[in-house]
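The values are calculated or read from the model by the stated rules, or taken from the named source; none is laboratory data. Source: prediction; values computed, not measured. Because the Cβ atoms are built from the backbone with ideal geometry, glycine has one as well, and the counts that use them run over all protein chains shown. When the accessible area is computed, the model is the full protein with side chains, heavy atoms only, and any ligands, DNA or RNA have been set aside. Shrake-Rupley method; radii C 1.70, N 1.55, O 1.52, S 1.80 Å.
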Amino acid sequence: MIEHLTDVGLDNFVFVPIHDKADKKIIPNSNVVVSCCFRKRDRILYFFKQRKILKSAIDMLPISDYNVVHAYTLLSDGNIAMQISKKYGIPYIVTVRGTDLKDFFHLKPYLIPHGIKIMQHAEKIIFISKAYQQNMMHKYVPDNMRKEIAGKSMVIPNGIDDFWLENIFHERDYIETQKRFDKKELKIICVASILKDKNIPFLQKALKKLVEKGWKIQFHLIGNVADKKELNKIEADKYTIYHGSMKKEELIRCYRENDIFALISHTETFGLVYAEAMSQGLPVIYTSGEGFDQQFEDGCVGFSVSDRRVNDAVEKILRIVSDYRGISENCIKKVKNFEWSQIVNNYKELYRDILNG
């Protein structure tokens with residue numbers, strides 16, 4: 001996003017507070033400053049940690065030079081944006097992500113009123129998915145504030161690496177695919193970190209149900225191992241082929257060799273892997289109520305599935321098979337929704353509208 005904002009002529013600067021000097025995930029450059037300004041244990045005390053971050057931001061940044069503050073999360077960043085706005089009179093927008101709903105509102109309900117306050121004072125509120133917007137509005141926002149919050153809310157998804165859009169797969173052989181389907185042969189791929197939350201054994205149960213219906217299944221699993229015990233459980237399934245982690249140049253080949261992408265996590269912040277798979281013409285199975293859900297109408301590029309109902313997953317996979325070409329071609333058309341150049345133009349217009357009052 002930083003790179004593409006620069007491409008459309010917007011000067012943008014990112015402040016990244018961290019607790020570990022050894023953390024090299026974010027590399028400082030002319031657009032990014034990294035500040036080791038709090039300790040890991042400070043996360044227990046939300047407002048104490050926030051005061052440390054705010055002080056560091058004020059000390060390190062020429063804040064009065066900026067026209068708009070964009071908080072990339074509601075609770076971790078939104079409070080800082082709100083305090084800066086109060087002190088310097090700079091308008092701010094805030095993005096609401098899955099971590100705000102699951103790690104803060106759900107686990108730390110005492111912060112809900114503060115999160116609502118941050119949204120009230122924001123010029124605009126961005127949700128990365130319609131599912132999260134609905135969750136927030138119906139579960140957390142009080143009735144008397146719903147109209148106000150909804151009135152300045154909009155949905156803008158995350159984008160995917162340009163690599164996938166530069167290598168969209170238009171050559172999928174639908175005739176050969178249908179021949180395999182007629183013989184009840186199906187290849188499923190999943191790309192995910194190997195950990196319990198990704199719910200891989202649940203997906204394996206659904207695929208076993210398909211085997212019981214006479215299908216010959218290959219299940220290709222790709223991802224880094226975060227939980228060795230979970231991997232041992234997964235690899236016990238004879239229909240599963242685990243490939244380890246892959247670079248995107250290797251992964252693209254695997255996408256092209258499979259028929260459907262399926263990942264039915266218990267929780268999913270957004271799920272860029274679904275959009276990456278779409279670029280290769282793969283219909284997708286995703287979790288109901290999570291980040292990717294409601295990006296499109298159910299059945300357009302795939303189907304949402306309950307993370308608890310195995311038969312739901314079986315039914316949705318078979319529905320994709322019955323309209324494979326149409327759904328696959330929709331994936332190719334709709335993946336442009338996740339093009340960063342298009343997304344940052346939306347943000348550019350948003351920033352401009354805020355400045356113009």
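Tabulated data
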| quantity | calculated |
| --- | --- |
| Phi to ³J(HN,Hα) by Karplus 6.51 cos²θ - 1.76 cosθ + 1.60 over region 24-35, Hz, x for Gly, Pro | 10, 5, 9, 9, x, 8, 5, 9, 10, 10, 10, 10 |
| Region 146-175 versus region 28-62: alpha-carbon centroid distance in Å | 31 |
| Other-chain or far-sequence residues with amide H under 5 Å of HIS220's (modelled H) | ILE188, ILE189, CYS190, ILE241 |
| Inter-centroid distance (Cα atoms) of region 249-295 relative to region 177-246, Å | 14 |
| Counting DSSP beta bridges with both ends in the chain, the antiparallel % (nearest 5) | 5 |
| q = 0.09, 0.16 Å⁻¹, region 1-141: log10 I(q)/I(0) [Debye, one scatterer per Cα] | -0.28, -0.92 |
| With every protein chain in place, the chain: carbon and sulfur % of accessible area (1.4 Å) | 49 |
| Additional length obtainable on full extension of the chain from TYR110 to THR6, 0.36 nm per residue less Cα span | 33.6 nm |
| Amide hydrogen neighbours beyond the local backbone of ILE194, cut-off 5 Å, H modeled | ASN224, VAL225, ALA226, ASP227 |
| Per-pair calculated FRET efficiency, R0 = 41 Å: GLU171 and LYS348 via Cβ, rounded to 0.05 | 0.75 |
| DSSP beta bridge pairing in region 1-148, given as percent antiparallel to the nearest 5 | 10 |
| Taking all pairs of distinct alpha-carbon atoms in the chain, Kirkwood radius in angstrom | 22.1 |
| Probe 1.4 Å, all protein chains present, accessible-area order of ARG172, ARG146, ARG43, largest first | ARG43, ARG146, ARG172 |
| Rel. contact order, % - alpha carbon contacts under 8 angstrom, at least six apart, region 250-340 | 28 |
| ASP42, ASP161, ASP11, ASP197, reordered so the largest accessible area comes first (probe 1.4 Å) | ASP11, ASP161, ASP197, ASP42 |
| For a label point 7 Å along the Cα-to-beta-carbon line of GLU148, residues of region 103-121 with backbone N under 15 Å | 113-121 |
| Amide H partners (placed H, <5 Å) of VAL155, local residues excluded | PHE127 |
| Three principal axis lengths of region 156-299 [C-alpha, angstrom, descending] | 38, 38, 30 |
| Karplus 3J(HN,Hα) series, Hz, for region 214-224 with 6.51 cos²θ - 1.76 cosθ + 1.60 (x for Gly, Pro) | x, 7, 9, 10, 10, 10, 9, 10, 10, x, 6 |
| From phi via Karplus (6.51, -1.76, 1.60), per-residue ³J(HN,Hα) for region 158-172 in Hz, x at Gly/Pro | 6, x, 10, 3, 4, 3, 5, 7, 7, 10, 4, 9, 9, 9, 4 |
| Between helix 340-355 and the chain: long-axis angle, C-alpha atoms, 0 to 90°, nearest 10 | 30 |
| Stretchable slack from ASN311 to LYS228, in nm (0.36 nm times residue separation minus alpha-carbon distance) | 27.1 nm |
| Sites ASP42 and LEU318 - FRET efficiency at Förster radius 56 Å, r taken between beta-carbons, to 0.05 | 0.65 |
| Nearest-0.05 FRET efficiency for VAL155 and GLN218, computed from C-beta distance (R0 25 Å) | 0.10 |
| Using alpha-carbon coordinates, inclination of helix 324-334 to the longest axis of the chain, degrees | 20 |
| Gained length - HIS121 relative to ALA236, 0.36 nm times residue gap less alpha-carbon distance | 36.2 nm |
